[in-house]
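The values are calculated or read from the model by the stated rules, or taken from the named source; none is laboratory data. Predicted model only: the values in this text are computed from it and were never measured. Positions of Cβ are backbone-derived with ideal geometry, glycine not excepted, and every protein chain shown enters the neighbour counts. SASA here: full protein model, heavy atoms, side chains in, ligands and nucleic acids out. Shrake-Rupley method; radii C 1.70, N 1.55, O 1.52, S 1.80 Å.
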Amino acid sequence: GRYRGMDLEIHKDTVDNHYTIFSLWDTFRATHPLFTIIDQKRTNSFIRTLLRQYQQGGKLPIWELAANYTNCMIGYHSIPVIVDAYAKGIRDYDIDMALEAMVYSASLDTEGLEYYKEKGFIAASDEPESVSKTLEYAYDDWCIAIMADSLNQSQTADQFYKRAQYYKNLYDPETGFLRAKVNNRWFGPFLAEEVNFNYTEANAWQYSLFVPQDIEGHIALMGGKENYSKHLDQMFSANSSTSGREQVDITGLIGQYAHGNEPSHHMAYLYNYVNEPWKTQERVRQIMEEQYQNAPDGLSGNEDCGQMSSWFVLSAMGFYSVTPGLDYYTIGTPLFDNLSLMLENGNTFQITANNLSPINKYIQSATLNGKAFDQTFLMHQDIMNGGELVFEMGYKEKQWGLNSQPPSSIKDNKIVPVPYFEAISETFTDSLLVAIASPVEGTIRYTIDGSEPNTSSPIYENQLVVTSDILINSKLYVGEQSSATISSPFFKIDGSRTISIESDYANQYSAAGDKTLIDHLRGSGSYRTGRWQGYREDVKATVDLGSEKTINLLSIGFLQDIKSWIFYPNSVRFSVSSDGVNYKEVADIKNDFPDNEYGSFHKDFSTQLNGVKAKYIRVEATNYGLCPQWHLGAGGKTWLFTDEIIIE
């Protein structure tokens, strides 16, 4: 009865069990929904544990381990665990405290939430993994909304129904993907298969279909069921190669579907939502057969506290929890001729698959308790009531459930997504063309005098020609509704300077491309917020000032974050030239910062000059080399992250 609480004090409870190791980001998807069927008593105890952790530690856990808030993953997925149980009638805990804990945890200003609440999305320049965090917060917020709704807390419900639609603010209609933004422009260059800092253990393919709370709304945003189905088809048939960062979690690939990691787990079932259930049946069977083997290495990815196995257990029964928080399961295809669920309430629910075989994977017809059953979702209560679900299996496609679509939509408190800017940069030398676009049809209004756009503001019709520093505010109107306001500054800079880079920077850490180092925009404290340029070699670049000038100071900024294999350069050399051929070294600056200090640091390597005249400035930074023996990545190639060459 003794346990260590989130306050790190020893507590005693001889009445209730207290649990630990809630991975949540993994297990909210299938493990906890499976428990709502086979282990309801312990589910109640799990939730009481989560609420004690809230009381003792100050918030609901995100990834709890041995009474510690590890915070090693994203979202606040204690919430769907609670709400899924609540929606299914599992309620032996303090319900009012549960709602209080959920609202409080979603109101903090951590992990990008401050930007999410202010803007309606997280920008790549604000917070790493911005797309994934926005999407998972939106789903969790929907969970809060439906629970508040059921408790007649209408003000709270309204607030969180709106937040649940913030995914719309990251939809790019040109590519059909959910993408990162910088300065209200799309982060680029964009490669859907690229694994970068905008997504959590994934790429755009593996996150752009995570809208389980409003699948109907997402389908509409993507232009309808045909487009949505085509996107699914392309994902499963795409080349399985990824680019960008090496990510060991991305395994079990079928096209760009990655069954070895959690963000993909619901996707094979999404064909049901576009009235193509036979495609769900085909893909689910493929995954069960190819991604699971009876062997020591029989899982295609990390088990993650039961999530991989739970996906299989649910799917083998013939259904899956696409949207935890709704009281139904989406039908797939059964793997066994017969199975029985012996429920805690004393009832038995039996699932029978007649004529099942390796080729007979398609449902031809079905009955539930002797009555025709042709819907592609199964209510939780139907399982709890006991009875029998019978599938007649065959090899023919398009035989069953074609007119059924599982419900998943947000009907009330609809929001208008924000518009976005299209421009090659936020800095320019002579003039800049700025376009304003939106993910849905409507009227875009804007201002350039700092005021808030309203119905009297100019209507955007043609590209804006910008010739001086400017702040553009914009808002989208659809009928009588309007979006939030977006604001973007654009700055005029010295156009006489050009740069030539002889080294290769990584595409996923390209920032603004070649001109990043002279665009007058500085990187923040995190390498994953889109301003820093990343290299795995020495950096060599030459700046042409346009004409010979008197130089008093030279400087270049670097970042160090050794946990991420990013080290300061061993040295930085500056050389100057008047003709671009003959160079004179004017400084060789050795790094004097410790190479074993954990944390994120940035530093300018600078030298003062006494009126040296030059037209060309060459910068050479020497890569640290390989990670030292004491480092977790011992022997691995290190990174150089740099931003902004300063010349005064």
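At least 3 residues being closer than 19 Å to Leu24 by Cα is the threshold, and among the helices (runs of 4 or more DSSP H) wholly inside the range 58-125 those reaching it are 78-87, 95-105.
Out of Asn152, Asn183, one residue alone is open to solvent by 10 Å² or more (accessible area, probe 1.4 Å) and within 28 Å of Ser474 (Cα to Cα). It is Asn183. Condition check: modelled with pLDDT of 95 or more and touching a strand residue (DSSP E or B) at 6+ places or on another chain (Cβ under 7 Å). Does Asp172 satisfy that? Taking the combined requirement at face value, the residue satisfies it.
Taking each residue of the range 160-171 that is more than 14 Å from Asn413 (Cβ to Cβ) and in a helix (DSSP H, G or I) and looking for partners that are of a type in the set (Lys, Arg) and open to solvent by 10 Å² or more (accessible area, probe 1.4 Å) with beta-carbon atoms closer than 8 Å, six or more apart or interchain, yields Asn169/Lys119; Leu170/Arg179.
Residues in the range 326-358 that are open to solvent by less than 30 Å² (accessible area, probe 1.4 Å) and either closer than 30 Å to Ile410 by Cα or not in a strand (DSSP E or B) (or both): Tyr328, Tyr329, Thr330, Ile331, Gly332, Thr333, Pro334, Leu343. Just one of the numbered conditions (1) out of contact with any Gly (no Cβ under 8 Å at 6 or more places or on another chain); (2) closer than 15 Å to Thr638 by Cα; (3) in a strand (DSSP E or B); (4) not charged (D, E, K, R) is not true of Val576; which one? For Val576, the exception is condition (2).
Restricting the range 421-451 to residues that are in contact with a Pro (Cβ under 8 Å, 6 or more places away or on another chain) and closer than 18 Å to Ala180 by Cβ, the residue that is modelled with the lowest pLDDT is Glu426.
The combined condition, being open to solvent by 20 Å² or more (accessible area, probe 1.4 Å) and either under 18 Å from Gly188 (Cβ atoms) or among the aliphatic types (A, V, I, L, M) (or both), is fulfilled by Leu464. Taking the conditions (1) open to solvent by less than 10 Å² (accessible area, probe 1.4 Å); (2) under 25 Å from the mean Cα position of the chain (by Cα); (3) farther than 20 Å from Gly57 by Cβ in turn, Glu118 satisfies each one other than (1).
For Leu553, the conditions (1) in contact with an Asp or Glu (Cβ under 6 Å, 6 or more places away or on another chain); (2) aliphatic (A, V, I, L, M); (3) free of Cβ contacts under 8 Å to residues at least 40 places away in the same chain are fulfilled apart from (3). Just a yes or no: is a residue in the range 16-25 in contact with a strand residue (DSSP E or B) (Cβ under 6 Å, 6 or more places away or on another chain) and assigned to a strand (DSSP E or B)? Looking through the range 16-25, at least one residue is in contact with a strand residue (DSSP E or B) (Cβ under 6 Å, 6 or more places away or on another chain) and assigned to a strand (DSSP E or B). Scanning the range 267-280 turns up at least one residue that is open to solvent by 10 Å² or more (accessible area, probe 1.4 Å), assigned to a loop (DSSP other than H, G, I, E, B) and out of contact with any Cys (no Cβ under 9 Å at 6 or more places or on another chain).
Those helices (runs of 4 or more DSSP H) of the range 183-247 in which 2 or more residues are farther than 20 Å from Lys168 by Cβ occupy 225-237. Across the range 589-648, the qualifying residues are those that are without any contact (Cβ under 8 Å) to a residue 40 or more places away in the chain and assigned to a strand (DSSP E or B), and the one among them that is most open to solvent (accessible area, probe 1.4 Å) is Lys590.
If you go through the range 360-378 and keep only what is open to solvent by 60 Å² or more (accessible area, probe 1.4 Å) and in contact with a strand residue (DSSP E or B) (Cβ under 9 Å, 6 or more places away or on another chain), you end up with Asn369, Gly370, Ala372, Asp374. Does Ser524 qualify as being of a type in the set (Ser, Thr, Tyr) and either under 22 Å from the mean Cα position of the chain (by Cα) or in a strand (DSSP E or B) (or both)? Yes. There is no residue in the range 87-104 that is in contact with a Pro (Cβ under 8 Å, 6 or more places away or on another chain), within 28 Å of Ser309 (Cα to Cα) and among the aliphatic types (A, V, I, L, M). When the residues of the range 46-80 are filtered to those that are touching a residue at least 60 places away in the same chain (Cβ under 8 Å) and in contact with a Cys (Cβ under 8 Å, 6 or more places away or on another chain), the one that is nearest to Asp13 (Cα to Cα) is Ile79. Any residue at all in the range 479-501 that is on the phi > 0 side of the Ramachandran plot and free of Cβ contacts under 8 Å to residues at least 60 places away in the same chain? Yes: the range 479-501 contains one or more residues that are on the phi > 0 side of the Ramachandran plot and free of Cβ contacts under 8 Å to residues at least 60 places away in the same chain. Report, ordered by the first and then the second residue, all pairs with beta carbons closer than 7 Å, sequence separation of six or more or different chains, a first member in the range 98-114 that is more than 16 Å from Ile74 (Cβ to Cβ), and a second member that is open to solvent by 20 Å² or more (accessible area, probe 1.4 Å) and part of a helix (DSSP H, G or I). Partner pairs satisfying both residue conditions: Ala101/Tyr54; Val103/Thr156. Does Tyr269 satisfy the criteria of being over 17 Å from the mean Cα position of the chain (by Cα) and touching a residue at least 12 places away in the same chain (Cβ under 8 Å)? Yes, satisfied.
The set of residues in the range 186-214 being in contact with a Pro (Cβ under 9 Å, 6 or more places away or on another chain) and open to solvent by 20 Å² or more (accessible area, probe 1.4 Å) consists of Glu201 alone.
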